[in-house]
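Scroll down for the structure; my scribbles are underneath it.
Every read-out reported here was derived from the displayed coordinates using simple, explicitly stated rules and does not represent laboratory data. What you see is a predicted model; the values in this text were computed from it and never measured. With ideal geometry, Cβ positions are generated from the backbone for all residues, glycine too; neighbour counts draw on all protein chains shown.
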Amino acid sequence: MLHESFINFKGYDFNDVVRITSDVDFERTKILAKERVSKTVPVSEAKRLLEVSDIECLDIFGDLSLHKDLLIEIVARQSRLKYLAIHPALVNLLNSFSISKELETLFVIGGEGNAYVPEQFIHENIARVISVDSVLFFTKKSLPNIKYFHVKFDRRGGIRKLLDSYTGLVSATLLPTKSKEDFKSLPASLCYLRLINGQLSGLSNISVLENLTDLHMQNLPKLQDIEGLVSCNNLRDISIGYCNAIKNLERIAELHSLEKFDIYASKLSNKEEIEEKFALLKLKENSLSKME
């Protein structure tokens, strides 16, 4: 799951997640999820969930489309549902679900390839859309009020263009396909930004995102120049992982607004010099000392 600060899961009690899984996966998923899921139910016993209507977090784990009628009915009975996690194979059935108006988060998890939200499906209260395994296609008409946009991009760039159209966006994941990224095209409202798995080489105009407070960069092997961060006056939290080409990491120490700095699985050519500069910031959290 993505870091909670990027999705803003405030208000959710994940100790009360109910997970429906296949009979085959039941024992395995029960063990893996015991710290975050209060109840794991094999699909063969899921009919008993028709007797409850107060589930707030529901995780339909795996491709259970053979049981779609039962699942649709279970979801329809949940008047307080805020969080729904489903497999891509079930996404095209969303229009058949009678979903609570309180639903805030749609998490499409598992599988690969493409998933399509039906054009007829419209939900104005869904603010968080997450799909990191498969490419999720939808329209702004279907989900008009997204604030947290963390989805896998398609090769033609349609998802990226859709992201740019959400002017009130608070949090987003970006997969840079080019060496230079035009951050001016992103909504100025962004506070949380993840840059992952791309060809980005620099952050030249990232300072146009004046509201940016949290930045996570991961698996950007060509990223060298991060000097643009120096002008991001509101940055409080920076995380860097698997970025081995950065040449001017010490410039981050000029960010007096910085409170947390996490770096992992990245090469540092001048660690002692960087540590000395970061020591002056008196950060709340700093993982530099753990780097080899």
Q: Would you mind counting up the charge near Gly158? Only other residues with Cβ under 14 Å from its Cβ, with Lys and Arg at +1 and Asp and Glu at -1.
A: +4
(Q) Along the Cα→Cβ direction, 7 angstrom out, place labels at Lys247 and Asn211. What is the inter-label distance in nm? (A) 3.5 nm
Q: Quick one: pull the percentage of alpha-carbon pairs in the chain with a separation above 32 Å.
A: 33 percent
**Q.** Rg over Rh [alpha-carbon atoms, Kirkwood Rh] for region 175-292
**A.** 0.93
Q.
Treating only the Cα positions of region 101-210 as identical point scatterers, give the base-10 log of I(q)/I(0) from the Debye formula at each q in 0.15, 0.17, 0.24 Å⁻¹.
A. -0.63, -0.80, -1.51
Q: Using R₀ = 35 Å, calculate the FRET efficiency as 1/(1 + (r/R₀)^6) where r is the Cβ-Cβ separation of Ser165 and Asp69; round to 0.05.
A: 0.50
Q | Computed lengthening from Lys47 to Arg155, 0.36 nm per intervening residue step minus Cα-Cα distance | A | 34.8 nm
Q. Using the Karplus equation 6.51 cos²θ - 1.76 cosθ + 1.60 (θ = phi - 60°), what ³J(HN,Hα) coupling, rounded to whole Hz, does each residue of region 122-133 give in order, writing x for Gly and Pro?
A. 10, 9, 7, 9, 6, 10, 10, 10, 10, 7, 9, 9
(Q) Relative contact order for region 162-292: what percent, with Cα pairs under 8 Å and sequence separation of 6 or more? (A) 17 percent
**Q.** Relative packing of peptides 78-87, 255-264 - highest average C-beta neighbours within 10 Å first
**A.** 78-87, 255-264
Q: For region 140-181 and region 65-112, compute the distance between their C-alpha centroids and round to whole Å.
A: 22 Å
Q: Assuming R0 = 45 Å, can you tell me the calculated FRET efficiency for the pair Glu276 and Asn125, based on Cβ-Cβ distance, to the nearest 0.05?
A: 0.35
Q | DSSP beta bridge pairing in region 175-292, given as percent antiparallel to the nearest 5 | A | 0 percent
Q: Treat the count of other C-beta atoms within 10 Å as a stand-in for reagent exposure and order Leu162, Leu220 from fewest to most.
A: Leu162, Leu220
Q) Given the pairs Lys140/Lys184; Lys152/Lys271; Lys180/Lys247, which span a C-alpha to C-alpha distance of over 23 angstrom in this model? A) Lys152/Lys271
